[in-house]
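K.L.:
Can you read through this structure? Questions will come right after.
Just so you know, all these numbers are worked out from the coordinates, no wet-lab data involved. These numbers were taken from a predicted model, which means no experiment stands behind them. Don't worry about glycine lacking a Cβ; one is built from the backbone with ideal geometry, like all the others, and counts go over all protein chains shown.
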Amino acid sequence: MRGMNDDRVAEFRRLHSSGCFVMPNPWDVGSARALEQMGFTALATTSAGFAWTLGRADTQATRDEVLEHLRRIVDAVSVPVNADFEGGYAVDPAQVAANVRLATETGIAGLSIEDSSGDEDDPLLELDLAVERMRAARRAIDESGSGVVLTGRSEGFVCGRPDIDETIRRLRAYAEAGADCLYAPRIDKLEHVAAIVAAVAPKPVNLLINAPSTTVAEAAGLGVRRISVGGTLARTAWGGFLQAAREIADDGTFSRFEGLPNVDGLLGR
């Protein structure tokens, strides 16, 4: 198993070295296997999509539930898997390091650590603390010998602090602290994307696309190396399910039960 994971980590690092690749986000084993069969070269978990499978809101899955989820996704596919590891499931840098070490043992090829605090009044962790947490994650990965790709995330545009200058300041600090890849979700202005790419170069940048706001080709032209979709594929699945169920509940009709995929044929019996 370790040899196979070494190969996946090496492949994941190679994908970050040039060009632009899409890393969609499955929410369970079935969606992971389907995406792999479509030819995607890497996958990423989604904290929101997984939490919804448990009947909870985003961020409400526990560390141990997430670790087991990572193992299942990794074991189901042969391509590299990046973990949405939220804030490391701790605030203290030493505990973040311990949790990151546990994550590296699941077979993942990459993971992200974010800087949100969960406090509505002060939603971003103080920068010095956020940097120390990134350094702790870097040390944990290095000590594990796993080579896992570390992504530093800044959440200002998610949690109500959409300041591009502060976001760039934080991403630069995370790059200096050892992050291999940088990521600021919910950035939707192309000039902001270009500014981030330039600010952290030559390190690669992940772009979240969760609306039809741009294309892979356009993102690649801006210098984006990696694209993910977060919980948006899971939301599209929920959208189809809720529309069909609501029609049954409200109208007693079943018009949406047409043109549906052969899931058994896709996944095999």
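K.L.:
Using Cα-Cα distances under 8 Å and only pairs 6 or more residues apart, what relative contact order does the chain have, in percent?
P.N.:
19
K.L.:
If you take every DSSP beta bridge whose two residues both sit in region 2-231, what share of them, in percent to the nearest 5, is antiparallel?
P.N.:
Rounded to the nearest five, the antiparallel share is 5 percent.
K.L.:
Relative to the longest principal axis of the C-alpha atoms of the chain, give the angle of the C-alpha long axis of helix 2-15, reported between 0 and 90° and rounded to the nearest 10°.
P.N.:
80
K.L.:
For the chain, which longest stretch is free of loop sites, where a loop site is one of the GluC sites (Glu not before Pro) that DSSP puts outside H, G, I, E and B and that has at most 15 other Cβ atoms within 10 Å?
P.N.:
Value returned for the longest uninterrupted segment is 127-257.
K.L.:
Any chance you could give the angle, 0 to 90 degrees and rounded to 10, that helix 93-104 forms with the longest Cα principal axis of the chain?
P.N.:
50
K.L.:
Relative to the longest principal Cα axis of the chain, at what angle does helix 127-144 sit, 0 to 90 degrees, rounded to 10?
P.N.:
For 127-144 against the chain, the angle is about 80 degrees.
K.L.:
Further question: Is the C-alpha gyration tensor of region 2-231 telling us rounded, prolate or oblate? Criteria: a/c under 1.5 is rounded; beyond that, a/b larger than b/c is prolate, otherwise oblate.
P.N.:
Cα axes put region 2-231 in the rounded bin.
K.L.:
Would you work out if region 75-179 is rounded, prolate or oblate? Take a ≥ b ≥ c from the square roots of the eigenvalues of the alpha-carbon gyration tensor; rounded if a/c is under 1.5, else prolate when a/b is larger than b/c, oblate otherwise.
P.N.:
Judged from the Cα gyration tensor, region 75-179 comes out prolate (a/c at least 1.5, a/b above b/c).
K.L.:
How large is the dipole of region 2-231 about the Cα centre if only Lys and Arg carry +1 and Asp and Glu carry -1, each at its Cβ, rounded to the nearest 20 debye?
P.N.:
Rounded to the nearest 20 debye, it is 800 debye.
K.L.:
Now, a different point. Over region 1-108, what is the mean sequence separation of C-alpha contacts under 8 Å (at least six apart), divided by residue count, expressed as relative contact order in percent?
P.N.:
Once normalised by length, the contact order is 27 percent.
K.L.:
Same structure, new question: Give the long-range amide H neighbours of Val205: residues separated by 5 or more places, or on another chain, with amide H under 5 Å away, using H modelled in the peptide plane at 1.01 Å from N.
P.N.:
Sorted by chain and number, the residues that satisfy this are Leu182, Arg225, Arg226.
K.L.:
Also, I was wondering about something else. Sorted from fewest to most neighbouring beta carbons within 10 Å, what does the list Thr41, Thr167 look like?
P.N.:
Thr41, Thr167
K.L.:
Under the rule that an exposed site lies in a DSSP loop and has at most 12 other Cβ atoms within 10 Å, name the longest stretch of the chain with no chymotrypsin sites (Phe, Trp or Tyr not before Pro) of that kind, not counting the sites themselves.
P.N.:
Answer from the scan: 1-253.
K.L.:
Still on this structure: Going by how many other Cβ atoms sit within 10 Å of their own, how do His192, His16 line up, fewest first?
P.N.:
So the residues, fewest neighbours to most, are His192, His16.
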